[in-house]
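Student: Here you go, one structure.
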Amino acid sequence: HVIAQRIRYLVEEKHVDPEQILTITFTKAAATEMKSRCQAICSKAGRVAFGTFHSIFYSILRKSKKYHHFTLINEKEKDRIITFLMDKEASEETKKEMFSEISRYKNMWPKNPEETETYTSEFWTIYKRYCTLCEEQEKLDFDDMLRLCHKLFTDNPAEKEKWSRRFLYILVDEFQDVNSMQYELLKLMAEVHKNLFAVGDDDQ
């Protein structure tokens, strides 16, 4: 595997501190498999950070002064908030569509004016109140992990620099699946050192 060999090369031949290497993939299972594959060819690879986009950026948020109290919202809590914000008669399908639209908007980057104009005033009302209620209750949903980490880095350059210096080598697997928000975060994380190594499938 290309990334496993890259880690072995950095650690054993270039004498890079394994704790300065961050490896990101898309599923927990893939991250676990990659870690064991790396450890099989490089004894020090256990000290390399392996994780998914969401687990890595959630960890960064939890270590920040602003968001360290925030916890993940569960499906029951999300449903309760949306039910409170929407018409009491709203069907499960309608609520599901609203969740889907909120998620799509949070992952949209950059915010394309033509696309944002397609949202209704009802969406904006519910979206803003949903975000406010989550923040007041110190709750994060799945998409907030990336959105708020981006906000943390852009609002606090020192925070961004701290993490960019913490991980001097960033390796990303399945790069063809990276969305625009994830790509923006990778660029911010690699801003200091410009060491971003990506593996993707040309056919995809």
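Student: Please give the calculated 222 nm ellipticity per residue for the chain, where each DSSP H segment of at least 4 residues contributes -39500 (n - 2.57) and the sum is spread over every residue; nearest 500 deg cm²/dmol?
Tutor: -16000 deg cm²/dmol
Student: Moving on. Can you list the residues, at least 5 places off or on another chain, whose amide H is less than 5 Å from the amide H of ALA198, using H built in the peptide plane?
Tutor: The answer is VAL172.
Student: How much area per residue is accessible in the chain when the probe is 1.4 Å and only protein heavy atoms are counted (Å²)?
Tutor: Value for the chain: 56 Å² per residue.
Student: Now for a different question. Can you tell me the relative contact order of segment 1-68? Whole percent, Cα pairs under 8 Å, sequence separation 6 or more.
Tutor: Once divided by the residue count of segment 1-68, the mean separation gives 35 percent.
Student: With Rg and the Kirkwood Rh both taken from Cα atoms, where does Rg over Rh land for segment 64-162?
Tutor: 0.99
Student: I want to verify the translational diffusion coefficient of segment 46-86 in µm²/s; compute it with Stokes-Einstein, Rh as the Kirkwood radius over Cα pairs, at 25 °C and 0.890 mPa s.
Tutor: It diffuses with D of about 197 µm²/s by this estimate.
Student: Between the alpha-carbon centers of segment 140-171 and segment 5-69, tell me the distance in whole angstrom.
Tutor: 16 Å
Student: Could I ask something else about it? Taking θ as phi - 60°, what are the ³J(HN,Hα) couplings along segment 99-107 by the Karplus curve (6.51, -1.76, 1.60), each to the nearest whole Hz, with x for Gly and Pro?
Tutor: 4, 5, 5, 4, 4, 4, 5, 4, 8
Student: With an 8 Å Cα cut-off and a minimum separation of 6 or more residues, compute the relative contact order for segment 64-171 in percent.
Tutor: Contact order relative to length: 39 percent.
Student: Which pairs break 23 Å Cα to Cα here: LYS63/LYS128; LYS28/LYS63; LYS76/LYS106?
Tutor: LYS63/LYS128
Student: Taking Cα pairs under 8 Å and at least six residues apart, what relative contact order does the chain come out at, in percent?
Tutor: In percent, rounded to a whole number, it is 26.
Student: Using Stokes-Einstein with the Kirkwood hydrodynamic radius over Cα pairs, what translational diffusion coefficient do you get for segment 111-188 at 25 °C and a viscosity of 0.890 mPa s, in µm²/s rounded to a whole number?
Tutor: 165 µm²/s
Student: On average over all directions, what projected area in square nanometres does segment 1-135 have, based on the convex hull of its Cα atoms?
Tutor: Dividing the Cα hull surface by four gives the mean projection, 11.4 nm².
Student: Tilt of helix 75-85 relative to the longest C-alpha principal axis of the chain, in degrees (0 to 90, nearest 10)?
Tutor: Value to nearest ten degrees: 30.
Student: Longer than 25 Å from Cα to Cα, which of LYS65/LYS95; LYS35/LYS65; LYS95/LYS139; LYS162/LYS194 are they? Say none if no pair is.
Tutor: Listed pairs above 25 Å: LYS65/LYS95; LYS35/LYS65.
Student: Leaving out same-chain residues fewer than 8 places away, which aspartates and glutamates sit with a Cα under 13 Å from that of LYS187?
Tutor: GLU161
Student: Report, in degrees rounded to the nearest 10, the 0 to 90 angle that the Cα long axis of helix 157-166 makes with the longest principal axis of the chain.
Tutor: 40 degrees
The values are calculated or read from the model by the stated rules, or taken from the named source; none is laboratory data. Being a predicted model, the structure only gives us computed values, none of them experimental. In case anyone asks, the SASA skips ligands and DNA or RNA and just uses the protein heavy atoms, side chains included. Shrake-Rupley method; radii C 1.70, N 1.55, O 1.52, S 1.80 Å.
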